[in-house]
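In what follows, a structure is listed as structure tokens, so that the remarks can point back to it.
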Amino acid sequence: MRIILLSFTLILLSLFSVTVVAQENKQVELTDIPQFTLRTSLTSWADYDAGLMLGINYRWHKNFSASFEPTWIFFSPFTDGGARLSPSGIKIRADLRYHFTKKQRKNPEAFLAPEFHYKHTKMEREDRFGINCQNGQCAYFQEAVYSQLKNEVGALLKAGIIVPMGFISRKDRVFLELYLGFGIKQLKFRETNIPEGASFVNPPYRSPLGIRNSGDRNRYTLPMMPAGLKLLLTL
């Protein structure tokens, strides 16, 4: 995490330096309100449940805006015991932002926002099952593929900075957003398509950082600290 945050900081400082050098002397006033901004994440491809995010932000006041960001999840850059993970599903994030507005659009702009988080994924996994087990004795064992369903619901508070990319768009319509947040989420797991009469030899492993809810191995509460880099295009 420290390496990631340091990398984001260095990227932000580099972009800010280049932007300052590339700025025109004439400053543009922040007057085109309301406005819509298309958004895509440059770091969603590195998530455990990775995919394509394409969202939109609506700004109706110089200090206030709201974002809606759905992500289509279709792969994972991680492996499990050497096997490639293949999740599928959707993630939705929505926030309400307060912008600490600068007078000029060419200046970096900070914001603070509460955010809602929801994720639903399905993943095919393989495990060893005991069939027709009673008192710890099973008729036989078999390897089988089953479906793991995961639901996440959470909330967080995040802070970020929006940097205009003046060297790409002289009209100040392209921006980069760097953010960092902290919050909490609840995860609920469910297994389906299990062979008839089967039970896990070893129940699926869950995150050691999770707090199990009421002894239920399928419900966990986890802290979350998302950070990311997004590319913005003002319409």
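The values are calculated or read from the model by the stated rules, or taken from the named source; none is laboratory data. All values derive from a computational prediction rather than experimental measurement. Virtual Cβ from ideal backbone geometry, glycine too; neighbours counted across all protein chains shown.
Structure notes:
- Any hit, the range 183-192, residues being surrounded by fewer than 13 Cβ atoms within 10 Å (Cβ to Cβ) and either at pLDDT 85 or above or over 21 Å from the mean Cα position of the chain (by Cα) (or both): yes
- For the residues F141, F116, F129, F100, the requirement of being within 30 Å of S88 (Cα to Cα), free of Cβ contacts under 8 Å to residues at least 40 places away in the same chain and out of contact with any helix residue (DSSP H, G or I) (no Cβ under 7 Å at 6 or more places or on another chain) singles out F116.
- Residue within the range 126-149 that is under 30 Å from F36 (Cβ atoms) and in a strand (DSSP E or B) present: no
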